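The values are calculated or read from the model by the stated rules, or taken from the named source; none is laboratory data. Note that this is a predicted model, so its numbers are computed, not measured. Counting neighbours? That spans all protein chains shown, and the Cβs are built from the backbone with ideal geometry, glycine included.
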């Protein structure tokens, strides 16, 4: 089986079977990462470009490591060093990179939809590494992988996603992925940060975290962008933490074996208390480790490889 | 030398005289000299066979951006009027958001001079309400009007300060001109790029709430009622706005309104795939809005159909959704898109022609948009059934930013007559009969 598109732009575009394919391929690569020599020659001779227009440590490093583990040549271009500061358009920058025979371009960009713009203009495969407030599909996939690894399945689980849903690309990818794989999803946050028309996602919505966590199998906390304070989304970080921060007493209301997840970087004391972040329920660092395996699977499958 | 013309056997529709029947129209010395059946042909007169065609007053567009001066890479007066003629428009009103802004006689005269040189459609400039479109001090409106402007507007830059808007509505009464407002609460828009709704949520794009338009419509209606000034509301797009205008008209507020073909043809679904040619202000809203805009056209709440022709270069639209400019071209697709309202039973053909001729003329209080004997011969001849496909390379506008590229259309202007002069348009389609000199 192969992926049906040349690009990975959004989990909303993927079929359930394609998601399952990526997750099973990632499981194979995770075994590679546990070996002494964590490298395979699969993508030798391929050129992969990380084109990042936003600061990122985790995602960029994870993709770079994934590319190197597969023996591809990997180049990093960040917005500060790119030509866009000289007034070159995004498309022209991307066309130049393609002209250097990039097989895959991994794009992170602050504007929603830019990976789609590149995908329809270039022959290179485009991977969306986070676009504006749209999607972050590789994060969504590594979240699915981590849950499946810990719980054995995704179907029927009760997953609660907490925080700034409106501006969260992670939330969108998680929601599309989880729903396709049969999980139940509840989104929780202040009404100012819940987007309109979420009925299209077939998720439950709550403004009350204490009620929403009852019986939860997985709690995904989103990073709160501190700059949202002062824009009317919530009065203060202090008040936000009191209403929507996950702490030990709230966690008790969830199922005993509930997983705590966070895409990082975490704001200790805001969306998550330190004891919970470092506690036994937390799989935050497992997410990071799995991220490399999942991204290896994505690169492998987009390089035209079928999974035999 | 102006030739005499005889347009034979067309379906003549002139809303100003409730006319809708098959007739001949005679044009001599730039004027309509006779309308009737079996008119005798005079010596040297050119005869045009309009059998099966609709003969109407030349179409009027209240809302065009010609981009000159300042943005000639998007459009010039010359290319803009060529697009107008191709679309069947004999008169277009051009908005003042040029660079420099049309807030003084020098710019108005420059635009009119370019239009005279282009020598096709009539160009009626709209002057700025406030200097530099800054929303702070009134422009010299007398100077603008006396040099040729027909209305004032800060289009694209809503006058957020209600006191300034109040003064503009009062002051404009001296000249009996409409004050045209682009209704948008910029604080609510807050950087939004599309309509706030299901699609903006799915695409993760910042939404512009419907209230952004409705709040300013409500404010303008309150100010118009207060001042007894004449407000004209541009490009109305939402159901809430239509409701507000309908109610205000019922209690006698001096308000007129226009909408654009894209608001009764497309919804926010058109943005899927991050289509920057579906990015405009106001944004394409939801289906309930489209239906209410159609209802507003049908019951007279909306008086006119305007294009909001807003040319942008391809390189500007081929950008991130957040960076691509707002607006689409519309002069060359407005007529066939409007004709769909007739085939879909929203408007009768005469009612539709009204929205494109007498409706806009009455808003401007100009003796145009009609074809009585003695009127200046501005006439559009329409083949209502001719099928064609919108293709970039056939568009006369300098810019190609249209969401309708590739659409199959029915109906087109096959001949446009401005002041008695017949313009050959749409050479890719068959012309009205074969002009024959007797």
task: Take the residues in region B:207-229 that are part of a loop (DSSP other than H, G, I, E, B) and crowded, with 22+ Cβ neighbours inside 10 Å, then tell me which one is farthest from the other protein chains (Cβ to nearest Cβ).
output: B:229
Total residues in region A:162-183, condition more than 14 Å from chain B (Cβ to nearest Cβ), under 13 Å from the mean Cα position of the chain (by Cα) and either touching a residue at least 40 places away in the same chain (Cβ under 8 Å) or under 30 Å from residue A:90 (Cα atoms) (or both): 1
message: Can you say whether residue A:158 is farther than 22 Å from residue A:244 by Cβ, more than 14 Å from chain B (Cβ to nearest Cβ) and in contact (Cβ under 8 Å) with a residue 24 or more places away in the chain, as far as the supplied structure shows?
response: no
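May I ask you to verify whether residue B:308 is in contact with a strand residue (DSSP E or B) (Cβ under 6 Å, 6 or more places away or on another chain), away from chain A (no Cβ under 14 Å) and buried (at least 20 other Cβ atoms within 10 Å of the Cβ)?
yes
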- prompt: Here are some residues: B:288, B:294. Which one is part of a helix (DSSP H, G or I), within 14 Å of chain A (Cβ to nearest Cβ) and closer than 28 Å to residue B:250 by Cβ?
  reply: B:288
task: State which residue is surrounded by the fewest Cβ atoms within 10 Å (Cβ to Cβ) when the search covers only region A:102-149 and only residues that are in contact with a strand residue (DSSP E or B) (Cβ under 6 Å, 6 or more places away or on another chain), in a loop (DSSP other than H, G, I, E, B) and away from every other protein chain (no Cβ under 12 Å).
output: A:103
Counted residues, region B:238-263 - those being under 15 Å from residue B:300 (Cα atoms) and either without any contact (Cβ under 8 Å) to a residue 40 or more places away in the chain or touching a helix residue (DSSP H, G or I) at 6+ places or on another chain (Cβ under 6 Å) (or both): 15
Among (1) without any contact (Cβ under 8 Å) to a residue 12 or more places away in the chain; (2) touching a helix residue (DSSP H, G or I) at 6+ places or on another chain (Cβ under 9 Å); (3) outside any helix (DSSP H, G or I) - the single one residue B:302 does not satisfy: (1)
field: Which listed residue is out of contact with any helix residue (DSSP H, G or I) (no Cβ under 6 Å at 6 or more places or on another chain), surrounded by fewer than 24 Cβ atoms within 10 Å (Cβ to Cβ) and away from chain A (no Cβ under 14 Å), from B:187, B:161
entry: B:161
Index of the failed condition, residue A:192 passing every other in (1) touching a strand residue (DSSP E or B) at 6+ places or on another chain (Cβ under 9 Å); (2) within 14 Å of chain B (Cβ to nearest Cβ); (3) in contact (Cβ under 8 Å) with a residue 40 or more places away in the chain; (4) assigned to a helix (DSSP H, G or I): (1)
message: For region B:197-206, check the following and say yes or no: at least one residue is farther than 14 Å from residue B:129 by Cβ, surrounded by fewer than 21 Cβ atoms within 10 Å (Cβ to Cβ) and more than 12 Å from every other protein chain (Cβ to nearest Cβ).
response: no
message: I'd like to verify a number: residues in region B:317-347 that are assigned to a helix (DSSP H, G or I) and either more than 14 Å from chain A (Cβ to nearest Cβ) or modelled with pLDDT under 95 (or both), how many?
response: 10
- line: Wholly inside region B:9-107, strands (runs of 3 or more DSSP E) that include 3 or more residues that are in contact (Cβ under 8 Å) with a residue 12 or more places away in the chain and buried (at least 22 other Cβ atoms within 10 Å of the Cβ) are B:19-28, B:54-57, B:59-64, B:89-94
- prompt: In this structure, does residue A:95 turn out to be buried (at least 17 other Cβ atoms within 10 Å of the Cβ) and either within 13 Å of chain B (Cβ to nearest Cβ) or touching a residue at least 60 places away in the same chain (Cβ under 8 Å) (or both)?
  reply: no
message: Take the conditions in contact with a helix residue (DSSP H, G or I) (Cβ under 9 Å, 6 or more places away or on another chain), closer than 30 Å to residue B:71 by Cα and crowded, with 17+ Cβ neighbours inside 10 Å and apply them to residue B:382. Does it pass?
response: no
- prompt: How many residues are within 12 Å of chain B (Cβ to nearest Cβ) and on the phi > 0 side of the Ramachandran plot when one looks only at region A:195-208?
  reply: 1
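For (1) farther than 17 Å from residue A:159 by Cβ; (2) surrounded by fewer than 19 Cβ atoms within 10 Å (Cβ to Cβ); (3) out of contact with any helix residue (DSSP H, G or I) (no Cβ under 7 Å at 6 or more places or on another chain), each residue gets a yes or a no:
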| residue | (1), (2), (3) |
| --- | --- |
| A:200 | yes, yes, no |
| A:206 | no, yes, no |
| A:216 | no, no, yes |
| A:229 | yes, yes, no |
| A:242 | yes, yes, yes |
| A:265 | yes, yes, yes |
| A:272 | no, no, yes |
| A:280 | yes, yes, yes |
| A:301 | yes, no, no |
- request: Name the residue, out of B:272, B:243, that is more than 15 Å from the chain's Cα centre (by Cα), within 27 Å of residue B:342 (Cβ to Cβ), surrounded by fewer than 22 Cβ atoms within 10 Å (Cβ to Cβ) and modelled with pLDDT of 95 or more.
  value: B:243
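Working carefully through the options B:395, B:356, find the one that is assigned by TED's automatic domain parsing to the domain that holds residue B:280 and modelled with pLDDT of 95 or more.
It is B:356.
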